[in-house]
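Input: a single structure, listed below in structure tokens.
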Amino acid sequence: MPKKEIEIIRFKNSLKAVIEKKTNTENVHIGLIINVGSRNENKSIYGIAHLIEHLIFKGTNKHQARYILNRIDSIGGELNAYTTKEKTVIHASVNKKYFERALDLIAEIFQFASFPEAQILKEKEVVKDEIQSYNDNPYEQIYDDFEELLFSGHSLAHPILGNVKSLDKINRKQIVSFYKKHYNTYNAVVSILGPVNTEYTKEIIEQKFSADNFICKKVSSSQKKLAYQPFQKEIFKDTHQSHCIMGNHAYDIKSNHRLPFILLTNILGGPAMNNRLNMNIREKYGYTYAIEAQYSAYCDAGIFTVYFGVDKKYLQKTISLVKKELQYFKKNTLSKTMLTQAKDQLCGQISLANDNYVSTMLANGKSLMYFDKVITYQELFSKINSITPNQIYECAQTVFNEKKISTLIYN
């Protein structure tokens, strides 16, 4: 019987791993997805999850920062990390002969980060500069401000970076406490893609993620229910353009409506140049250079947005045109031809993304984290192709309800 291309392993210490064997590459891609992000913070420590993501590279009980920063880069590999509202991700890509070196380093910074006081002070200043760079960019800042308003009172509301005031108050004791609570094998998934020996890889994962002092426990995550009140808000900004976001809360990641709404969002304002917002506003009138629709799904909530930057004199006209596009989907059911074309487009975009092995590796890990299984591209395409016009129509009735649409304008 042929071996599976994708294997899921569940270890005794509650760590889960997914290994996808690819023989048409010389490189191995490794990811560690940790089930912790900014939504796990309370008000007094906003920004701590992202700060820890920086600090795990700044020294361990075994090695100093210089060793960590040189260990992968010196052999031409890549080592990186990022923090989201719900996840922290560490990932590396190396030639296959350095696979064990990369896995060893990720396991070390995950289990043995030491958080030197001097590095904490220095890295706080780095993050503050990062915050200022966001504040200087209206496109970035307006998304954060919109989410704070839309998720007001909810754990998804505050920015991932935190703020200068909260960062100043965070101390080493709080950092270590947060790290010990959330950085454990119960709370993590290892994802590997490349020309690896699956049985050997299982052995070294178990070996390297087995620190005796590593407490493995499930973290309770009771979350406050989202109480959404639509809003219309305008903020003065000294910018040449007006920047506008319109949006609504949407479906969570396990909702049966998630895939139909992904398809609908892609038709409306996805990355392709033939999306309706681009064709009917930018191309037809020339009012805006950048216009897009986005949908993000979280474990218990979701957010839908339309963003555009526009000359101030065209602001209200563009808002009206966006509303007209939303109403189109509320009033019309997609024809069979339109729906088939939309499905082909989305599946094609996903297929191209599959050529990026880092993205595929991370998608495998996140799928295992959220759904306790890996949803293959073939399964995903099958689900997309089974979407009906009525499912699209139902999504539009709920999310594109004009009484529920909120608006934030930088003017």
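Any read-out appearing in this document is the output of simple, stated calculations on the displayed coordinates, not a laboratory observation. In this text, all values refer to a predicted model and were calculated from it rather than measured experimentally. As a convention, Cβ positions derive from the backbone with ideal geometry for all residues, glycine included, and neighbour counts pool all protein chains shown.
Using Cα-Cα distances under 8 Å and only pairs 6 or more residues apart, what relative contact order does the chain have, in percent? Before the final figure, lay out each step's value.
Details: 703 pairs, mean separation 87.3, N = 411.
Dividing the mean separation by the residue count of the chain yields 21 percent.
When the chain is fully extended, how far beyond the present Cα-Cα distance does residue 95 get from residue 328, taking 0.36 nm per residue of separation? Intermediate results must be reported in sequence, preceding the final value.
Numbers: separation 233, 0.36 × 233 = 83.88 nm, distance 5.02 nm.
Here the segment from residue 95 to residue 328 would lengthen by 78.9 nm.
Specify the residue with the greatest mean-square fluctuation among 240, 182, 29, computed from a Gaussian network of the chain linking alpha-carbon atoms under 10 Å apart.
Judging by the Gaussian network model, the answer is 240.
To the nearest 20 Debye, how big is the dipole of the chain about its Cα centre, given +1 on the beta carbon of each Lys and Arg and -1 on that of each Asp and Glu?
Values: 54 positive and 42 negative charges, 186 e Å.
Its charge dipole is roughly 900 debye.
Defining a contact as two alpha carbons under 8 Å apart and six or more residues distant in sequence, what relative contact order in percent does the range 232-410 show? Let's see the in-between values first.
Details: 241 pairs, mean separation 64.1, N = 179.
The normalised contact order for the range 232-410 reaches 36 percent.
Nearest 500 deg cm²/dmol is fine: what mean residue ellipticity at 222 nm does the chain get from its DSSP H runs of n ≥ 4 alone, each adding -39,500 (n - 2.57), divided by its residue count?
Details: 14 runs with 171 residues, N = 411.
Value at 222 nm, helices only: -13000 deg cm²/dmol.
Tabulate in residue order the Karplus-calculated ³J(HN,Hα) for the range 187-199, using 6.51 cos²θ - 1.76 cosθ + 1.60 with θ = phi - 60°, rounded to whole Hz; enter x for Gly and Pro.
9, 9, 10, 9, 10, 10, 9, x, x, 10, 7, 4, 5
Taking the 0 to 90 degree range and rounding to the nearest ten, how far is the long axis of helix 99-112 tilted relative to the main principal axis of the chain, both from C-alpha atoms?
The angle comes out near 90 degrees.
³J(HN,Hα) across the range 381-392 via Karplus (A = 6.51, B = -1.76, C = 1.60, θ = phi - 60°), whole Hz, x for Gly/Pro?
Listing the rounded values in order: 4, 4, 5, 5, 6, 8, 5, 9, x, 5, 5, 4 Hz.
Taking the 0 to 90 degree range and rounding to the nearest ten, how far is the long axis of helix 336-353 tilted relative to the main principal axis of the chain, both from C-alpha atoms?
It is inclined by approximately 30 degrees.
Which shape class applies to the chain: rounded if a/c is under 1.5, otherwise prolate when a/b exceeds b/c and oblate if not, where a ≥ b ≥ c are the square roots of the Cα gyration tensor eigenvalues? All intermediate terms of the calculation are to be shown ahead of the outcome.
Working: a/c = 2.00, a/b = 1.36, b/c = 1.47.
Oblate shape, in that a/c is at least 1.5 and b/c is the bigger or equal ratio.
Pick from 105, 51, 352 the residue whose mean-square fluctuation is largest in a GNM of the chain, springs joining Cα atoms under 10 Å.
Highest fluctuation of the listed residues: 352.
Using modelled amide H (1.01 Å from N, peptide plane; none on Pro or chain starts), what sits under 5 Å from the amide H of residue 290, excluding residues fewer than 5 places away?
When sequence neighbours closer than 5 places are left aside, the close amide H contacts are 309.
Taking amide H positions as placed 1.01 Å from N in the peptide plane, with prolines and chain starts having none, which residues 5 or more places from residue 85, or on another chain, fall under 5 Å of its amide H?
Hits under the 5 Å cutoff: 38.
For the range 174-207 and the range 5-62, what is the separation of their Cα centres, given in Å?
That distance is 7 Å.
Pull up all non-local amide H partners of residue 300: gap of 5 or more, or a different chain, and H-to-H distance under 5 Å with H placed in the peptide plane.
Amide H neighbours of residue 300, under 5 Å, 5+ apart: 253.
Give me a comma-separated list of calculated 3J(HN,Hα) values for the range 394-405, in order, Karplus coefficients 6.51, -1.76, 1.60 applied at θ = phi - 60°, integers in Hz, x for any Gly or Pro.
Once rounded to whole Hz, the list reads 5, 4, 4, 4, 7, 7, 8, 4, 4, 6, 9, 7.
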